[in-house]
Amino acid sequence: MSISKLRTRISRRTAVALATMSVVAAVAGAAPSVATAVNDSSSVARHAVAQTQNTQSAATAPNLRIKAANGITYQYRRFGHPSPGSVPLVFLQHYRGTLDNWDPKLIDTIAAKREVILVDNVGVGGSTGTTPSTIQQMSLDAIDFIDALKLPRYDLFGFSLGGQVAQEVALRRPWQVRRVVLAGTGPQGGVDQRASDPKVLASALADNPGPADFLFLFFKTTASSQAAGTEFLQRLGQRTTDHDAPASLQTRDAQLTAMSEWGIPDKSKLVRLNALFQPTLVADGDSDILMPPKNSHLLAKYLPNAQLSIYPDSGHGFLFQYAVKFGKQVNAFLDR
């Protein structure tokens, strides 16, 4: 399908959502009855919610809302098929990304084996508040959300900006975080994380970028990778109701500031990774123009218990290009 035809099939809301790209790496109402049941301590309510979650998918899971101790009301989706001994997997999204930007094929592949929790952090999409301008504060905000859900133990999946936040959460809550997946991200003080290419910046910082911008930033220029990118954009259209709100320009600017500070080269910051002892899966595409894969190699070098995977013929969106393959790898890693 040509880009021009694809553009006509994507609503403005979805097109704005598709623009939610990682600049460092490059650059409401929702089911209140279910949300209330999630917080109900009775076994009957928990059973009812579990049954509902087991029948949901990325395209149908309702938007839930919960108020945390910090006064923020977070919007999230929670569903999947927990297996004995598994813990929930909390997903932390990329720059300007919202709940609607997760690939349904990737999420459903992972959710077939475990419970998944997708969340809008403070000020993003349907969550209230103002987006902070540091990764450190974003990690504290993520912890407040997790505390509100009363999760004693959990795994983390962080993509791009979300991977930076995930590192901080794991460092701050080592007794709770069991395993970590870091996709298309880099360590604080890494290399070439501050985008300077005018073409990259023009696409990533546009107020209303479209599918062509996303295909350029997230997928390699080869025919195979671009075709996979087009299929991914089409999959985002599977959700037809209960859409998330697009990220605001305030979120864009605050997250850009946070990632720019995180990306200042500083080798002394890398030693912090030695304290992130949890088993960690580090992955990226071999041609990521937004977050050069050399940063994944740095993570694998300094993390004491890391596994590195670099996917061929792919860019920042490798996890969407190889949605089923990567989803199965994530499940195998978390099941060990």
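The values are calculated or read from the model by the stated rules, or taken from the named source; none is laboratory data. No experiment lies behind these values; they were computed from the predicted model shown. Cβ: placed from backbone, ideal geometry, glycine included. Neighbour counts: every protein chain shown. To get the accessible areas, we keep the full protein, side chains included, count just its heavy atoms, and leave off ligands, DNA and RNA. Shrake-Rupley method; radii C 1.70, N 1.55, O 1.52, S 1.80 Å.
According to the Cα gyration tensor, what semi-axes, each the square root of 5 times an eigenvalue, does the equivalent ellipsoid of region 210-330 have, listed from largest to smallest in whole Å?
Semi-axes from the Cα gyration tensor: 27, 20, 15 Å.
Give me the 1.4 Å probe accessible area per residue for region 243-285, excluding ligands and nucleic acids, in Å².
42 Å²
Running Debye on region 269-309 with equal point scatterers at the Cα sites and no solvent, what base-10 log of I(q)/I(0) appears at q = 0.16, 0.18, 0.20, 0.25 Å⁻¹?
Debye intensities relative to I(0), on a log10 scale: -0.38, -0.47, -0.57, -0.80.
Sum up the charges of everything whose Cβ sits under 11 Å from the Cβ of V324, counting Lys and Arg as +1 and Asp and Glu as -1, but leave V324 out.
+1
How large is Rg over Rh for region 164-219, taking Rg from the Cα atoms and Rh as the Kirkwood inverse mean of 1/r across Cα pairs?
That ratio is 1.11, to two decimals.
Please compute the contact order of region 95-231 in relative form: average sequence separation of alpha-carbon pairs under 8 Å and at least six residues apart, divided by the residue count, as a percent. Walk me through the numbers before you get to the answer.
Working: 124 pairs, mean separation 19.3, N = 137.
After rounding, I find 14 percent.
Rank-order 156-168, 196-208 by packing density, defined as the average count of other C-beta atoms within 10 Å over each peptide's residues, highest first.
In descending order of packing, they fall as 156-168, 196-208.
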